[in-house]
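Laboratory data are not the source of any read-out in this text; all were calculated from the coordinates shown. Being a predicted model, the structure only gives us computed values, none of them experimental. Ideal geometry is used to build each Cβ from the backbone, glycine not excepted, and the neighbour counts take in all protein chains shown.
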Amino acid sequence: MTPGPADPEADELPAVAPQLRELRRRSGLTLEAAAARARLSPAHLSRLETGRRRPSLPLLLGLARTYGTTVSELLGETAAVPDPIVRAGGPGAREADGWTYWRAGGSGRGMQALRVHVPHGRSQGELVRVHPGEEWLYVLGGRLRLHLGEAEYLLDPGDSAHFDSLTPHRIAAATAGGAELLFVHTLLQSSLAGMCLGGGATNHP
């Protein structure tokens, strides 16, 4: 049989496949566990890891979320060294359902730091969150109401909390002017990753 035209993308497979396999192993996931998180069959993921199938962009995005990384790393691209400094007045504020977020840490790290304004009386505070990871928060101003499991805490400026985010949790401002806080959470290696702060802000800034 005469060979057909060469596939211009075929040469990319050997580079992508080993990287997928290495990132899965580095994440401590079995083939079955990673496939379940990425909503793939183990056989499909195995074909991707052995280069018998080339992943589409949506698949790469899903696998990047599963392994807590970026598409660039999945493709083996060398990432730039993250800037360790975040200057005042740098990345702009983002708002979702009245909650305002400012990035307070560098991107591409194993944890994410934010400065957050929590408004008073928003329905988001009634949403209970449960997900893998850890969270730390420090109250800058106002009073914050924190629910952890069955317990409720009132936090004043200078108070902080550090907890396992598998504990059902929710926060709300307890003062009319809202509350300001610093918030740090681990970068989740899960397709269920999402911020616990507010229902409309499930994507990390």
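A full extension of the chain between S56 and E134 corresponds to an added length of 24.9 nm, given 0.36 nm per residue minus the alpha carbon distance. Proximity of backbone amide H atoms, modeled 1.01 Å from N, is registered between E134 and S165, T186 at under 5 Å, excluding neighbours fewer than 5 places apart on the same chain. As a ratio to 2.2 N^0.38 Å, the alpha-carbon radius of gyration computed for the stretch 94-186 takes the value 1.01.
Distance distribution P(r), the stretch 10-74, all Cα-Cα pairs, bin width 10 angstrom from 0: 24, 65, 11 percent.
Taking amide H atoms as placed 1.01 Å from N in the peptide plane, the amide H of T175 lies under 5 Å from those of R143, each 5 or more residues away in sequence or on another chain. Out of L182, L140, W102, whose Cα points farthest toward the positive end of the dipole of the stretch 94-186 (charges: +1 Lys, Arg; -1 Asp, Glu; placed on Cβ)? Going by the Cα projections, it comes out as W102.
The length gained by stretching the chain between A88 and A33 to full extension, at 0.36 nm per residue less their Cα-Cα distance, is 15.7 nm. Here the Karplus relation 6.51 cos²θ - 1.76 cosθ + 1.60, evaluated at θ = phi - 60°, turns the backbone of the stretch 167-172 into coupling constants of 6, x, 8, 7, 10, 7 Hz, with x for every Gly and Pro.
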